[in-house]
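Working notes for the structure below.
Nothing in this text is a laboratory measurement; each read-out follows from the coordinates by a stated rule. Fair warning: this is a prediction, and the values are worked out from it, not measured in the lab. Methodologically, a virtual Cβ is constructed for each residue, glycine included, from the backbone with ideal geometry; neighbour enumeration extends over all protein chains shown.
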Amino acid sequence: MTKANHAKPYQTLPRTANVVIHFFFILMSLVCILPIVLIVAISLSDEKLLTLHGYKFWPERFDTSSYHYLFTNSTTLIKAYGVTLTVTLVGTVLAVLLTALYAYPIYRKDFPFKRAFNMYLLITMLFSGGLVPFYLLYTNYLHLRDSLIALILPGLSNAFYIFITRTFFQQTVPEEMIESGKLDGASEWRIFFQLVIPISLPVLATIGLFTTLIYWNDWFNSLLFINDTDKYSLQYVMIQMIRQAEFFKTQLAGTGVGLLIQQAVPTESLRMAMVVVSIGPILFVYPFFQKYFTKGLTIGAIKG
């Protein structure tokens, strides 16, 4: 009885296996972190020494000229940040809400049109209308040129995310809970928002993070639909800046003006400075989703 009372509630791994597992995850963490460290180091390095000696994890000579060049047009950059933040926040919230609203009825067994809605989703995954109809629809019929709606609307629906959410509902949301809500007199909207959504936060947070990355990194829709410079997204503004720098460097190479421009425009460190500026906010977003990822990994073990 004494031994049974002092028995451990779980089995520990052997020490060797524990060391191997820790070493593996430390190695994987370094693989993820070191590229970011290298990017920051390159963005703070002198352009001439980069050309002579290549990339290093510690700058031979600190130089912030790439950031000075990047923020010379600070007004344009701030406006682009505002556009991207607005599009990302509004688009992510609407996309997650619409995904859950579409996935919920096709998860329900009593929904009579679930087969038709599933087939519609599958068709959109297999076939695409093409770029030209996509462009004509937004410009000639919806008249969304130079509108932030044109940057938000294309990312609101993703068939793959809807199927993922539907599968999560099937595995996590019991039918008995829906029936108990109906017996208590709750409407479908109340069941959805007060019963289904709270226990579905892991999948919604995952989809929200993926959607946030898609909106934040989008530049193609700005290229297609936006002509007003005040409504350019952050990524598109940075692409224009690096193209402009490369144009001056290649077209005026070998001339006196070209040498001055090459010294004033550090193209290699400028690329990395753009990466640092663009990924900064995304690095702060991930911790808010982390706890839901952990819950999503353990929810299968909790479910009886």
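Okay, here's what the table says:
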{"quantity": "Distant alpha-carbon pairs in segment 117-186 (separation over 20 angstrom), percent", "calculated": "55 percent"}
{"quantity": "The chain: relative contact order in percent, alpha carbon pairs under 8 Å with at least 6 residues between", "calculated": "28 percent"}
{"quantity": "Rounded FRET efficiency, nearest 0.05, which uses the C-beta distance separating GLU268 from ILE33 and R0 of 25 Å", "calculated": "0.70"}
{"quantity": "Candidates per trypsin sites (Lys or Arg not before Pro) in segment 140-191, loop by DSSP, up to 15 other Cβ within 10 Å", "calculated": "ARG145"}
{"quantity": "Cα long-axis angle, helix 74-107 against the chain (0 to 90 degrees, to the nearest 10)", "calculated": "20 degrees"}
{"quantity": "Per-residue ³J(HN,Hα) for segment 166-182, Karplus 6.51 cos²θ - 1.76 cosθ + 1.60, θ = phi - 60°, Hz, x for Gly and Pro", "calculated": "4, 5, 5, 4, 5, 8, 10, 8, x, 5, 4, 5, 5, 5, 5, x, 5"}
{"quantity": "Between 0 and 90°, nearest 10: helix 267-302 axis offset from the chain longest Cα axis", "calculated": "10 degrees"}
{"quantity": "Residue-by-residue Karplus 3J(HN,Hα) for segment 154-162, coefficients 6.51, -1.76, 1.60, Hz, glycine and proline x", "calculated": "x, x, 6, 10, 9, 4, 5, 5, 5"}
{"quantity": "27 Å Cα cut-off, lysine pairs counted over segment 65-302 (separation 8 or more, or different chains)", "calculated": "5"}
{"quantity": "Pairwise centroid distance, computed over Cα atoms, of segment 135-192 with segment 96-116, Å", "calculated": "8 Å"}
{"quantity": "Helix 15-43 axis, angle to the chain major axis (alpha carbon atoms, nearest 10°)", "calculated": "40 degrees"}
{"quantity": "Computed over the chain, Cα set: Rg, Dmax in Å", "calculated": "25.7, 90"}
{"quantity": "Order of LEU151, LEU27, LEU49 - criterion: other Cβ atoms within 10 Å of each residue's Cβ, fewest first", "calculated": "LEU27, LEU49, LEU151"}
{"quantity": "Under 5 Å, built H, 5+ apart or other chain: amide partners of SER45", "calculated": "ASP63"}
{"quantity": "Highest-MSF residue in the chain out of THR16, THR167, THR51 [GNM, Cα springs under 10 Å]", "calculated": "THR16"}
